[in-house]
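Engineer: I am attaching a structure below and will ask some questions about it afterwards.
Taken together, the values in this text are just the output of simple stated rules run on the coordinates, not laboratory data. Computed from a prediction, not measured in an experiment: that's the story for all the values here. Here the Cβ is made from the backbone with ideal geometry for all residues, glycine too, and neighbour counts use every protein chain on show.
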Amino acid sequence: MPKTADISSSEPRLSGPGLPDPSRWKALVFIALAQLMVVLDATIVNIALPTAQQDLGISDANRQWVITAYALAFGGLLLFGGRIADLWGRRRTFIVGLLGFAAASALGGAATGEAMMLGARALQGVFGALLAPAALSLLAVMFTDAKERAKAFGIYGAIAGGGGAVGLILGGFLTEYLNWRWTFYVNIPFAIVAAVGAYLVIREPAGARNRSPLDIPGVVLSTLGLVALVYGFTRAESAGWSDGLTVGMFVASVVLLAAFVATEAKVKSPLLPLRVLTERNRGGVYLSLGLAIIAMFGLFLFLTFYLQVVKGYSPVMTGFAFLPMIAGMITGSTQIGARLMTRVAPRLLMGPGFVLAAIGMLLLTQLEVDSSYAGLILPAQLMLGLGMGTAFMPAMSLSTHGVNPADAGVASAMVNTSQQVGGAIGTALLNTIAASATTSYIASHAAGATDPKLLELQGMVHGFSSAIWWAVGILATAAAIAFTLINTGRPGAGPVAAGSGEGVAADEEIKVPVIAH
């Protein structure tokens with residue numbers, strides 16, 4: 001057993017006395033590559049879905065399951081995956097997740113029918129739930145110097161925020177010029193390179209594992225509760241909010257998750273120690289980040305439809321049209337967030353970042369059928385990207401800051417869970433609002449319409465702008481939460497142990513391992 005010491009008087013040693021892990025920057029390359037693969041997969045398949053549906057004979061009623069099967073497995077198993085990372089070790093879990101994701105992708109690319117495709121997507125979700133929290137928690141335990149941590153999480157935050165838009169570009173290219181199957185096969189080289197690199201260069205700090213017995217009731221309750229929640233929102237998009245099964249899923253998720261919280265408060269070795277959630281800074285990050293993702297996913301959906309259906313862009317052109325947002329996110333994360341993170345408190349980056357993103361979203365409420373890309377969509381995307389990138393970077397770093405190293409996996413899983421649930425809510429909620437506004441607009445303007453096609457497009461754009469107003473409000477709420485709940489000061493100039501830092505008083509009593517050879 002490693003010695004323990006109070007975090008206020010000791011700092012972890014990662015590779016020899018007082019020295020950081022010499023391979024940490026090489027490790028970051030492979031961790032970032034794996035994260036890019038997971039984020040890409042969330043959007044790349046959307047572009048390929050119409051062609052894949054036709055080739056495999058998937059019915060219209062079942063095509064949503066190509067997306068839903070992945071979301072349910074990924075969202076439902078994230079907490080379990082985070083705990084497995086703490087138990088097995090993050091490096092081992094990371095490599096197993098990568099190889100499993102590659103195998104599932106190969107299965108999806110070779111699919112000959114509906115069942116094989118849906119099974120492959122579910123398997124991708126299972127291994128993604130192992131991979132994602134392991135990647136983030138590896139960063140948390142390998143980068144302990146405040147300035148280096150800021151740079152590392154800046155890169156990670158840029159990938160987490162901009163990877164979805166990159167997926168639209170890559171998906172468009174692969175579908176248009178090769179074959180939809182390559183949207184699956186493209187994951188294989190990513191995964192193999194990242195797995196080999198991780199095996200060779202990642203050396204996880206000793207003494208940071210949580211070898212407590214697995215909390216089986218917690219695993220079952222959390223998995224079923226999150227699956228019910230994600231499926232409820234996914235079903236609401238197609239069947240409506242008043243549908244009996246939709247309502248039943250929401251009721252079941254509330255009951256199951258309440259039972260999960262009650263269980264975690266009582267068991268000796270909980271799956272998700274409640275201290276991870278109740279510390280105000282981490283709680284504020286999970287909540288504000290989840291809300292921001294709601295707005296973000298809704299926007300991806302609406303802009304994709306607007307550019308392709310209303311403006312007539314090809315899939316490849318649509319992907320390129322998202323480049324300003326990607327550039328803004330990379331700039332916000334690496335040039336603004338990472339540079340200022342060690343100088344100002346996180347809330348002074350997250351709050352203004354969400355406000356800037358809300359202003360960019362506000363511009364998009366002015367969308368019309370003939371809106372100019374350069375005059376409206378381009379500046380809106382730049383503000384959205386800059387704002388989200390600036391906010392994402394400190395959010396990713398703070399989500400595991402102040403955590404006992406043995407809890408780093410589940411803390412990382414909570415970040416991914418908030419994003420996954422936020423994505424499901426955003427897609428369902430905002431799409432429902434847009435569809436309702438479109439129907440109302442067409443019904444009220446049908447009598448005086450001379451061009452039915454134009455009326456349909458006007459109704460669609462009106463629906464988008466109505467839903468985007470909600471997204472503005474959601475981003476404003478995320479900013480308010482960041483300003484209100486997150487009160488930690490700027491990171492210190494010296495090495496930051498997991499569990500140290502100004503303003504994280506709630507965790508000061510936690511004993512952490514002094515990691516040494």
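Engineer: Would you check the chain for Lys pairs whose C-alpha atoms are within less than 18 Å, ignoring same-chain pairs closer than 8 in sequence, and give me the count?
Structural biologist: Taking the Cα cut-off of 18 Å, the pair count is 5.
Engineer: Right, next: Each residue of segment 308-315 in order: what ³J(HN,Hα) in whole Hz does its phi give by Karplus 6.51 cos²θ - 1.76 cosθ + 1.60, θ = phi - 60°, with x for Gly and Pro?
Structural biologist: 7, 7, 7, 8, x, 6, 6, x
Engineer: Got a sec to turn the phi values of segment 369-379 into Karplus ³J(HN,Hα) couplings, 6.51 cos²θ - 1.76 cosθ + 1.60 with θ = phi - 60°, whole Hz, x for Gly and Pro?
Structural biologist: Each residue's phi maps through the Karplus curve to give 4, 9, 4, 7, 5, 5, x, 10, 5, 4, x Hz.
Engineer: Further question on the same structure: In whole Hz, what ³J(HN,Hα) sequence does segment 142-155 give by Karplus (6.51, -1.76, 1.60; θ = phi - 60°), x for Gly and Pro?
Structural biologist: 8, 10, 10, 6, 4, 5, 5, 4, 4, 5, 4, 6, x, 5
Engineer: When only C-alpha pairs under 8 Å and at least 6 residues apart count, what is the relative contact order of segment 215-270, in percent?
Structural biologist: Dividing the mean separation by the residue count of segment 215-270 yields 48 percent.
Engineer: Just rank 445, 401, 462, fewest to most, by other beta-carbon atoms within 10 angstrom.
Structural biologist: Details: 445 13, 401 29, 462 20.
Lowest to highest Cβ neighbour count: 445, 462, 401.
Engineer: What area, in nm² and to one decimal, does the C-alpha convex hull of segment 215-270 cast on average over all directions?
Structural biologist: Answer in nm², one decimal: 3.3.
Engineer: Sort segment 35-155 into rounded, prolate or oblate with this rule: let a ≥ b ≥ c be the square roots of the eigenvalues of the Cα gyration tensor; rounded if a/c is under 1.5, and if a/c is not under 1.5, prolate when a/b is larger than b/c, oblate otherwise.
Structural biologist: It comes out prolate by the Cα gyration axes.
Engineer: Sort 86, 451, 215, 243 so the one with the fewest other Cβ atoms within 10 Å of its own Cβ comes first. List each step's numbers first, then the result.
Structural biologist: Values: 86 28, 451 9, 215 23, 243 14.
Sorted ascending by nearby Cβ count, the order is 451, 243, 215, 86.
Engineer: Now for a different question. Quick one: which residues, 5 or more positions from residue 403 or on another chain, have an amide H under 5 Å from its amide H? H modelled 1.01 Å from N in the peptide plane, none for Pro or chain starts.
Structural biologist: Sorted by chain and number, the residues that satisfy this are 499.
Engineer: Taking the Cβ of residue 223 as the center, what net charge do the other residues with Cβ under 12 Å away carry, scoring Lys and Arg +1 and Asp and Glu -1?
Structural biologist: Working: positive: 83; negative: 215.
My count for the surroundings of residue 223 gives 0.
Engineer: Suppose only helical runs count, i.e. DSSP H with n ≥ 4. What mean residue ellipticity at 222 nm does that imply for the chain under -39500 (n - 2.57) per run, divided by all residues and rounded to the nearest 500 deg cm²/dmol?
Structural biologist: Rounded to the nearest 500, the figure is -24000 deg cm²/dmol.
Engineer: Please state the relative contact order of the chain as a whole percent: Cα pairs under 8 Å, 6+ residues apart?
Structural biologist: 26 percent
Engineer: Please give the Cα centre distance for segment 255-296 versus segment 346-366, rounded to the nearest Å.
Structural biologist: 25 Å
Engineer: Can you give me the long-range amide H partners of residue 345? Hydrogens built in the peptide plane at 1.01 Å from N, cutoff under 5 Å, separation of 5 or more residues or another chain.
Structural biologist: 490
Engineer: On to the next question. So if a site counts as exposed when it's one of the trypsin sites (Lys or Arg not before Pro), its DSSP state isn't H, G, I, E or B, and it has at most 13 other Cβ atoms within 10 Å, what's the longest stretch of the chain without one? Working shown, then result.
Structural biologist: On the way: sites that count: 3, 211, 268, 343.
Free of exposed loop sites, the longest segment is 4-210.
Engineer: Label segment 267-350 by shape, choosing from rounded, prolate and oblate, from the square roots a ≥ b ≥ c of the eigenvalues of the Cα gyration tensor; if a/c is under 1.5 it is rounded, and otherwise prolate applies when a/b is larger than b/c, oblate when it is not.
Structural biologist: oblate
Engineer: Now for a different question. Test of understanding: ordering 342, 417 by Cβ neighbours within 10 Å, fewest first, what list do you get?
Structural biologist: Ascending Cβ contact count within 10 Å gives the list 342, 417.
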